[in-house]
Each structure stands twice: as structure tokens, then as C-alpha cells.
Amino acid sequence: MVDYFLQGGSFMWPILIALIFGLGFVLERAYSLMLSGIDSTKFFNEITEKINAGDTDGAIQICNEEKGPVASIFHAGLSKMHRGLDDVEKAIQNAGAIEMAFLEKNMIWLNAVITIAPMLGFTGTVVGMIGAFDAIKAANDISPAVVAGGISQALLTTAAGLIVAMIIQTFQNIFVSRIDKLVLDMEEQSIKIIDHLQENSSSK
């Protein structure tokens, strides 16, 4: 692998930097999204038990102790309980938009690596082919031995750029799937808590 890297020429270094850069954000997103997941059904039941008992402060405290977007939107809504259900619903919607932005944070940098790595590889390819033709011109000979070095460099940089893009693309697809699941769960729990609060309010 080291030999292939060195044979690829100078463009292998920015491709390597792109890979390290992308993997850094992969680790950040993986850690963040891992912390965002909770047992939403259990959490919802704990919150509704407190609400049914008239202990809104207790429900807010549970939200403070839990991590993740569902806990954040519940906290935002329950904190506005004294203002009425309309304000609760608005607070939940606003918090949901903020949490969605947080879940998608730094995904743009993964897209950047996916786009830039192949471009670096193709640029290396062009440079390698230019070197091959310069070698032909200098040697006044078109034998395979003369052009082999330039063509090899061209192919290696292309392969490296595509491999980096595929690695980061795989992680990005996993993260997008995870984000979609979290957003869906967040929306479902938002509807459930608002419905529960409305039913709880009308029964009093």
C-alpha cells in the first residue's frame, strides 16, 4: 500500500488529507447520533405519568436528565405549559427545527469530501497523462516502458480518490438513515405529547 501511495505522486497527499478530514467528521457524527437515540416509548410513558400526576416540574426534570432530540423538544414544550397549549405547540415546533439542524450538523463536510476526493484523483490522472506524453516527447519513442510511469500514476490517483469517496459515502448513507429515523421518532413523539396534553387539559 505504501508503494502504491508513493507511486501515485504528489496528488496522493491531498487525497489522504481528504480521507483523514472526512473520517474526523465521521467519528464526530457517529458519536453525536449515538447519543441522540433513546427508548422514546419508555421516555414518553415516564413523562405522561408525571403529567397525569400534575407534576410538570418532575416531567421537566426528567427531560433535563435525558439526552437526545425527543427530550429536548419535550423540555421546550413542557417549559411553556403555564402559557397554554398553543405556546406549548409552538415551542415544540421551534425546538424540533433546531434539533433537526443539529442532527444534520457537519453532514455538509462529508458531502465536500465525497465531491472533492474524486476530483483530486481525476486531476492527478490528468497530471499523470501529461507526464506520460511529456516522456514520449522527450524520448521520441512511444514504447510502453516510456509511458508506464505516467499512466500508473494516473490510475492510482483515480483509484485512491474514488475509494476515499466510497468510504465516506457509505458512512454518510448510514448517518442519513439514522437521522431520518430520529426525525421520524421526534415527529411522532411531538404529536403524541401534544395530543396527550390536549386530552389531559380537556379532562380537567
When residues of the stretch 177-186 are limited to those that are of a type outside the set (Lys, Arg) and either touching a Gly at 6+ places or on another chain (Cβ under 6 Å) or surrounded by 14 or more Cβ atoms within 10 Å (Cβ to Cβ) (or both), the one nearest to ILE73 (Cα to Cα)
MET186
Check ALA53 against each of (1) farther than 30 Å from PHE171 by Cβ; (2) touching a residue at least 12 places away in the same chain (Cβ under 8 Å); (3) out of contact with any helix residue (DSSP H, G or I) (no Cβ under 7 Å at 6 or more places or on another chain) and name the one condition it does not meet.
(2)
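Among residues belonging to the stretch 4-40 that are of a type in the set (S, T, N, Q), surrounded by 14 or more Cβ atoms within 10 Å (Cβ to Cβ) and at pLDDT below 85, point out the one that is nearest to LEU110 (Cα to Cα). First the steps, then the outcome.
So in the stretch 4-40, the residues of a type in the set (S, T, N, Q) come out as 7, 10, 32, 36, 40.
So of that shortlist, the ones also surrounded by 14 or more Cβ atoms within 10 Å (Cβ to Cβ) come out as 7, 32, 36, 40.
Still in the running and at pLDDT below 85: 7, 36, 40.
Working: GLN7: 27, SER36: 19, SER40: 28 Å.
The selected residue is SER36.
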With respect to GLY84, determine if the residue is at pLDDT below 85 and more than 27 Å from LYS181 (Cβ to Cβ).
yes
Looking at (1) of a type outside the set (Asp, Glu); (2) without any contact (Cβ under 8 Å) to a residue 24 or more places away in the chain; (3) assigned to a helix (DSSP H, G or I), which is the one condition that is false for PHE25?
(2)
Cross-chain or 6+ apart pairs with Cβ under 6 Å, the stretch 155-181 first and more than 30 Å from GLU99 (Cβ to Cβ), then part of a helix (DSSP H, G or I) and of a type in the set (Val, Ile, Thr):
THR157/THR125; THR158/THR125; ALA160/ILE15; GLY161/ILE15; VAL164/ILE15
Report yes if ASN106 is modelled with pLDDT of 90 or more, under 23 Å from THR170 (Cα atoms) and among the polar types (S, T, N, Q), otherwise no.
no
Return only the number of the condition from (1) closer than 25 Å to ALA97 by Cβ; (2) part of a helix (DSSP H, G or I) that PRO14 does not satisfy.
(1)
I'd like the full set of residues that are surrounded by 16 or more Cβ atoms within 10 Å (Cβ to Cβ) and without any contact (Cβ under 8 Å) to a residue 40 or more places away in the chain, limited to the stretch 82-94.
ALA91
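Name the residue, out of ILE174, ILE136, that is among the hydrophobic types (A, V, I, L, M, F, W, C), part of a helix (DSSP H, G or I) and either at pLDDT 85 or above or within 28 Å of GLY22 (Cβ to Cβ) (or both).
On the way: ILE136 fails: either at pLDDT 85 or above or within 28 Å of GLY22 (Cβ to Cβ) (or both).
The match here is ILE174.
Quick check on this structure: which one of ALA59, ALA117 is closer than 30 Å to ALA159 by Cβ, crowded, with 19+ Cβ neighbours inside 10 Å and among the aliphatic types (A, V, I, L, M)? Please lay out each step first, then the result.
Numbers: ALA59 fails: closer than 30 Å to ALA159 by Cβ.
Step by step, each of ALA59, ALA117 is checked, and only ALA117 is closer than 30 Å to ALA159 by Cβ, crowded, with 19+ Cβ neighbours inside 10 Å and among the aliphatic types (A, V, I, L, M).
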Hey, ALA112 farther than 16 Å from ILE193 by Cα, surrounded by fewer than 16 Cβ atoms within 10 Å (Cβ to Cβ), of a type in the set (Gly, Ala, Ser) and out of contact with any His (no Cβ under 9 Å at 6 or more places or on another chain) or not
yes
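The values are calculated or read from the model by the stated rules, or taken from the named source; none is laboratory data. Note that the structure is predicted; figures quoted are calculated from it, not measured. Please note: Cβ atoms are built from the backbone with ideal geometry, for glycine as well, and neighbour counts cover all protein chains shown.
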